[in-house]
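The values are calculated or read from the model by the stated rules, or taken from the named source; none is laboratory data. The model shown is predicted, which means the values in this text are computed figures rather than measured ones. Cβ atoms come from the backbone with ideal geometry, glycine included; neighbour counts cover every protein chain shown. To get the accessible areas, we keep the full protein, side chains included, count just its heavy atoms, and leave off ligands, DNA and RNA. Shrake-Rupley method; radii C 1.70, N 1.55, O 1.52, S 1.80 Å.
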Amino acid sequence: KEPIVEIIKLPPLPEGESEAYLTQKQNNLFLPELESDLKQKLLFLSGGKPILLDLAVEWIARGIIKLDWISQACPEVVTTLSEEEILQLLKTFEIELVRPIAETTAKMHWVFLLMAWVYPVNGAMLAALRHISIEKAEEVLKEAQTYVFVKQLPNKSFKLHDEMQRMIEDYVWPEIDRGKELRHKYSSNAFKYFEKAIDQIEYQIVSLKGQ
């Protein structure tokens with residue numbers, strides 16, 4: 001019997017704890033200390049959300065993005081901005097964090113796009129959705145686990161962190177799939193996969209009753 005999993009949404013970290021969290025993440029990944037100005041702006045833009053700090057540090061460690069743009073986009077005195085300007089600044093930060101996912105030719109980014117639309121997924125399901133072998137699908141998911149925003153569930157399936165899923169849905173999918181053709185394709189393939197899975201379960205039930 002699989003253990004019951006309760007998903008707990010953690011509130012944003014207080015300012016002091018956010019800074020300690022960011023420093024710990026940098027140390028864990030052996031990254032050099034960020035400049036004080038850049039660090040404070042990153043903490044402000046993340047709003048104390050650990051996943052946003054995780055994602056920013058993860059991309060830096062993998063050499064996928066640089067944070068130089070923050071210095072230009074985020075003014076020295078944030079308190080001079082209106083509420084609308086701050087909200088736009090925070091939105092820009094989120095967009096920049098998921099922008100690399102739009103580069104669908106990258107090795108892993110296609111699976112993150114898929115996982116933001118169909119979830120959770122396992123090896124068999126990913127193989128059916130992408131028409132690849134189960135071995136290849138399991139290899140892809142094994143690598144996906146190395147990313148901080150991918151969570152493994154007890155039933156050997158995987159899903160994105162809720163915030164990552166939301167940002168990809170809000171900012172990436174509308175940009176790369178404006179007609180929703182690919183999303184419709186994934187939804188259709190997922191329906192066929194579950195339909196087949198249900199048929200197999202019903203067959204097993206009938207077989208067991210006949211024993």
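Can you tell me how many residues in the stretch 10-63 are within 24 Å of Q88 (Cβ to Cβ), among the hydrophobic types (A, V, I, L, M, F, W, C) and open to solvent by 60 Å² or more (accessible area, probe 1.4 Å)?
Count: 1.
Considering (1) at pLDDT 80 or above; (2) touching a His at 6+ places or on another chain (Cβ under 7 Å), say which one E103 fails and leave the rest.
Checking E103 against (1) at pLDDT 80 or above; (2) touching a His at 6+ places or on another chain (Cβ under 7 Å), the one that fails is (1).
Which ones in the stretch 96-105 are of a type outside the set (D, E) and in contact (Cβ under 8 Å) with a residue 12 or more places away in the chain?
Start the filter on the stretch 96-105 by keeping residues that are of a type outside the set (D, E), which leaves 97-102, 104-105.
Of everything in the stretch 96-105, those that are of a type outside the set (D, E) and in contact (Cβ under 8 Å) with a residue 12 or more places away in the chain turn out to be L97, V98, R99, P100, I101, A102, T104.
Is it the case that F93 is open to solvent by less than 10 Å² (accessible area, probe 1.4 Å), touching a strand residue (DSSP E or B) at 6+ places or on another chain (Cβ under 9 Å), among the aromatic types (F, W, Y) and without any contact (Cβ under 8 Å) to a residue 60 or more places away in the chain? Working first, answer last.
On the way: open to solvent by less than 10 Å² (accessible area, probe 1.4 Å): yes; touching a strand residue (DSSP E or B) at 6+ places or on another chain (Cβ under 9 Å): no; among the aromatic types (F, W, Y): yes; without any contact (Cβ under 8 Å) to a residue 60 or more places away in the chain: yes.
Spelling it out, it is not the case that F93 is open to solvent by less than 10 Å² (accessible area, probe 1.4 Å), touching a strand residue (DSSP E or B) at 6+ places or on another chain (Cβ under 9 Å), among the aromatic types (F, W, Y) and without any contact (Cβ under 8 Å) to a residue 60 or more places away in the chain.
Considering only the stretch 163-182, I want to know if a residue exists there that is open to solvent by less than 20 Å² (accessible area, probe 1.4 Å) and more than 21 Å from I51 (Cβ to Cβ).
yes
I need the full set of residues from the stretch 19-40 which are at pLDDT 85 or above and hydroxyl-bearing (S, T, Y), in order please.
Scanning the stretch 19-40 gives Y21, T23.
May I ask you to list pairs of residues, at least six apart or on different chains, whose Cβ atoms are under 7 Å apart, with the first in the stretch 173-186 being under 16 Å from F112 (Cα atoms) and the second being in a loop (DSSP other than H, G, I, E, B)?
I176/T104; R183/D177; Y186/V118
If you go through the stretch 106-136 one residue at a time, how many are without any contact (Cβ under 8 Å) to a residue 40 or more places away in the chain and within 29 Å of N28 (Cα to Cα)?
Number of matching residues: 9.
Residue-by-condition table, conditions (1) within 12 Å of the chain's Cα centre (by Cα); (2) open to solvent by less than 50 Å² (accessible area, probe 1.4 Å):
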residue: W117; (1), (2): yes, no
residue: G123; (1), (2): no, yes
residue: L129; (1), (2): no, yes
residue: A144; (1), (2): yes, yes
residue: F149; (1), (2): yes, yes
residue: L153; (1), (2): no, yes
residue: K156; (1), (2): no, no
residue: H161; (1), (2): yes, no
